[in-house]
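To keep things clear, I will list the structure first and then write my remarks on it.
The values are calculated or read from the model by the stated rules, or taken from the named source; none is laboratory data. Small disclaimer: the values here were computed from a predicted structure and weren't measured. We place every Cβ from the backbone using ideal geometry, glycine too, and count neighbours over all the protein chains shown.
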Amino acid sequence: MIDKYKFVCLILAIALVAALVRLVFVSQNQSSIEPKQTVMENILSRKSVRSYTDRPVSREQLDTLVRAAMAAPTGRDMRPWRFVVINERETLKALSDSLPFAKMLPEAQAAIVVCGDMSVTDKEGNPSRNWPFDCSAATENLLLMAESMGLGAVWTGVYPYEERIKAVKNALNLPENIVPFNLIPVGYPKGAPQPKDKFDQSNIHYNVW
Ligand SMILES: Cc1cc2nc3c(=O)[nH]c(=O)nc-3n(C[C@H](O)[C@H](O)[C@H](O)COP(=O)(O)O)c2cc1C
C-alpha cells in the first residue's frame, strides 16, 4: 500500500518537473526569439520624418512616447531627464523661428523637448555627468516608439549649441536648472519616408574569428 502511494507521488513529482521545464523552455523561446525579431524590424524601420499631415496626435499618444523614453537606461539610475510636451501652435512657430534646423516644427502636431535637470544630484551633491547620454538613450526609445505607433518624428539638436539652448529656454520660459537637450517634432508622416540602410561591415572589428 505504502509502495503504491510512493509510486504515485513519484509520478506526480516527475510530471510537475516536466511541466515546469516545458514552461521555462516555452517562455525562454518566446522571449529570446519572437520579440527580438519585432524589435529589429522596429529599429530598422525608424527614420527621421520632417514632413507631417494635419492628422491630430492625442495627448495619450504623446504620453506613451514619454513613457517609452523614461524606460531608457540611465547612469547610476539618476534619471536626470525632464520632458516638455508642446502642442500650442504659437509656441511651435516661435521655436521654429529661432531654431535653424527645426523648420518643420509649424507643420508638426506637437513636439517633445527632452531636457536635463541639473538639480538632480548624487549623494555627494554633484549633478549627473551622464545626463546627455541619458537623454540620448531616452530620445532613441521615444523615436522607436513613435515609429511603432505609425508616427513620424525627428531628433533636432539643441545641446550643446549655446544659442539654441538659450532660444529654447526663452521660448519655453524654462527654469535655470533645466537644459534643453533636443526637440522632437511629432506628427503623422506625409508621403512615404524610407529608412536609410546604414549598416557598414567595415565599421566592425573582430578580435576573434
Ligand atoms: C545629435 C543629433 C542631432 C540632430 N540634429 C538634427 C537637426 O537639428 N535637424 C534635423 O532635421 N535632423 C537632425 N538630426 C537627424 C539626423 O539628420 C538623422 O538622424 C540622420 O540624417 C540619419 O537619418 P535617419 O534618422 O533617417 O536614419 C539629428 C540627429 C542627431 C543624432
Checklist line | Which listed residue is on the phi < 0 side of the Ramachandran plot, outside the structural domain of Val85 (by TED's automatic domain parsing) and among the basic types (Lys, Arg), from Lys166, Lys103, Lys123, Lys196 | finding: Lys196
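Rundown of residues vs (1) outside any loop (DSSP other than H, G, I, E, B); (2) at pLDDT below 95; (3) loosely packed, with under 10 Cβ neighbours inside 10 Å, yes/no style:
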residue: Tyr5; (1), (2), (3): yes, yes, yes
residue: Leu16; (1), (2), (3): yes, yes, no
residue: Glu41; (1), (2), (3): yes, no, no
residue: Leu44; (1), (2), (3): yes, no, no
residue: Arg50; (1), (2), (3): no, no, no
residue: Pro56; (1), (2), (3): no, no, no
residue: Leu62; (1), (2), (3): yes, no, no
residue: Ala71; (1), (2), (3): no, no, no
Note to self: Being in a loop (DSSP other than H, G, I, E, B), surrounded by 16 or more Cβ atoms within 10 Å (Cβ to Cβ) and at pLDDT below 95: is that true of Ala102 here?
What the structure shows: yes
Checklist line | Residues satisfying the stated conditions in segment 37-65, i.e. aliphatic (A, V, I, L, M) and within 12 Å of Lys190 (Cα to Cα) | finding: Val49
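Being without any contact (Cβ under 8 Å) to a residue 24 or more places away in the chain and closer than 17 Å to Val168 by Cβ is the filter here; which residues of segment 69-88 pass it?
Within segment 69-88, Glu88 is the sole residue that qualifies.
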Notebook entry, point to check: Can you name every residue in segment 120-150 that is under 25 Å from Pro106 (Cβ atoms), away from the ligand (no atom under 14 Å from the Cβ) and either buried (at least 20 other Cβ atoms within 10 Å of the Cβ) or hydroxyl-bearing (Ser, Thr, Tyr) (or both)?
Noted result: Met145
Note to self: I'm trying to understand the selection: among the residues of segment 178-209, which are in a loop (DSSP other than H, G, I, E, B) and small (Gly, Ala, Ser)?
What the structure shows: Gly191, Ala192
